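**Student:** This structure is in structure tokens; I'll ask about it shortly.
The values are calculated or read from the model by the stated rules, or taken from the named source; none is laboratory data. These numbers were taken from a predicted model, which means no experiment stands behind them. FYI the Cβ positions are ideal-geometry reconstructions off the backbone, even for glycines, and counts take in every protein chain you see. Heavy atoms of the whole protein, side chains included, go into the accessibility calculation; ligands, DNA and RNA do not. Shrake-Rupley method; radii C 1.70, N 1.55, O 1.52, S 1.80 Å.
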Amino acid sequence: MEYLPFILVGEFSSSGESIRVKSITVGRIHHFHSGIELAPFLVFDRHKDTVDIREQFPLPLQDTLNICRQLGIRHPQVKGELSIVSTDLLIDISGGKQIAIAVKKAESLDNKRILEKLQVEKAYWEASGASWFVFTERDISETLKVNLKWLKPFLNVDTQSAYDISDNDVISLIKRIQQYPNNQAMRLCGILDDEYQLEPGSHAEFLRFSVARGYLEAPIGKQFTKWKCAELTDRSETIFKEEAGYAS
């Protein structure tokens with residue numbers, strides 16, 4: 001059965017940052033409730049050793065109750081009812097390793113109740129043998145912030161349909177940039193617009209779409225304006241086959 005996160009986008013009011021993203025690794029749609037969560041997801045979704053990514057992963061209530069008793073803290077509640085503690089991201093790595101990540105705004109770490117919930121998560125995952133980390137916006141590099149902003153409209157499945165980009169557009173782009181391995185990809189996109197008499201920005205849009213959807217593997221830790229064509233790996237055949245399999 002396909003994994004369902006404990007909290008789905010749309011189940012509660014948010015800051016307006018909620019986004020649904022289709023995973024390259026897993027193939028399913030992931031639900032995120034803040035833009036901060038996108039950064040570690042994007043990195044791990046493109047890592048060769050990632051096997052699975054689960055967001056809003058619920059911890060067993062009995063386990064968290066026991067942990068709270070041991071720590072001497074009150075278990076999280078909502079309107080007087082015990083609530084499930086969930087971890088923002090759980091990543092399965094090849095070889096059986098797991099990485100659990102709590103994603104928070106840095107300013108929230110001054111909140112006593114949030115710190116207590118994090119203590120519960122930490123105790124649970126350490127007892128389970130998983131690595132556990134807290135991730136905030138301060139952990140996002142400036143380069144990754146720029147790349148995220150550039151890719152975000154094409155990552156969000158709720159806005160992808162606004163862009164009329166076909167499989168042929170992707171295939172044509174890949175064939176064209178492969179002819180110029182030493183060129184900077186973005187600069188070449190402008191040249192290709194002129195050469196093929198397309199609207200300015202067309203090939204750049206094809207590039208954003210192709211990287212966001214995984215048809216092209218890019219060095220996500222390097223600013224997109226500096227990508228060379230040789231650094232972009234064609235994965236389109238694999239992704240097209242996977243998409244056909246998910247649709248069938």
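**Student:** Of the residues Phe154, Phe209, only one is among the hydrophobic types (A, V, I, L, M, F, W, C), farther than 30 Å from Lys104 by Cβ and open to solvent by less than 70 Å² (accessible area, probe 1.4 Å); which? Walk me through it before giving the result.
**Tutor:** Working: Phe154 fails: farther than 30 Å from Lys104 by Cβ.
Of the residues listed, the single one that is among the hydrophobic types (A, V, I, L, M, F, W, C), farther than 30 Å from Lys104 by Cβ and open to solvent by less than 70 Å² (accessible area, probe 1.4 Å) is Phe209.
**Student:** Same structure, new question: Yes or no: the stretch 222-235 includes at least one residue that is of a type in the set (D, E, K, R), closer than 19 Å to Leu151 by Cβ and in a loop (DSSP other than H, G, I, E, B).
**Tutor:** yes
**Student:** Report, by residue number, each residue of the stretch 220-244 that is among the aliphatic types (A, V, I, L, M) and surrounded by 15 or more Cβ atoms within 10 Å (Cβ to Cβ).
**Tutor:** Filtering the stretch 220-244 for residues among the aliphatic types (A, V, I, L, M) gives 220, 230, 232, 239, 244.
Residues satisfying the conditions are Ile220, Leu232, Ile239.
**Student:** Still on this structure, I have one more. Among the candidates Lys149, Lys175, single out the residue that is free of Cβ contacts under 8 Å to residues at least 24 places away in the same chain and either closer than 22 Å to Asp45 by Cα or surrounded by 20 or more Cβ atoms within 10 Å (Cβ to Cβ) (or both).
**Tutor:** Working: Lys175 fails: either closer than 22 Å to Asp45 by Cα or surrounded by 20 or more Cβ atoms within 10 Å (Cβ to Cβ) (or both).
The conditions single out Lys149.
**Student:** Check off (1) loosely packed, with under 14 Cβ neighbours inside 10 Å; (2) within 23 Å of Leu65 (Cα to Cα) for Gly95 and give me the number that stays unchecked.
**Tutor:** (2)
**Student:** Shifting gears a bit: Hey, among Val120, Val157, which residue is touching a residue at least 40 places away in the same chain (Cβ under 8 Å) and in contact with a Lys or Arg (Cβ under 6 Å, 6 or more places away or on another chain)? So that I can check it myself, show each step before the final result.
**Tutor:** Details: Val120 fails: in contact with a Lys or Arg (Cβ under 6 Å, 6 or more places away or on another chain).
Going through Val120, Val157 in turn, the sole match is Val157.
**Student:** Criterion first (more than 21 Å from Ser34 (Cα to Cα), touching a strand residue (DSSP E or B) at 6+ places or on another chain (Cβ under 8 Å) and touching a residue at least 40 places away in the same chain (Cβ under 8 Å)) does Ser94 satisfy it?
**Tutor:** Values: more than 21 Å from Ser34 (Cα to Cα): yes; touching a strand residue (DSSP E or B) at 6+ places or on another chain (Cβ under 8 Å): yes; touching a residue at least 40 places away in the same chain (Cβ under 8 Å): yes.
Judged against the criteria, Ser94 is a match.
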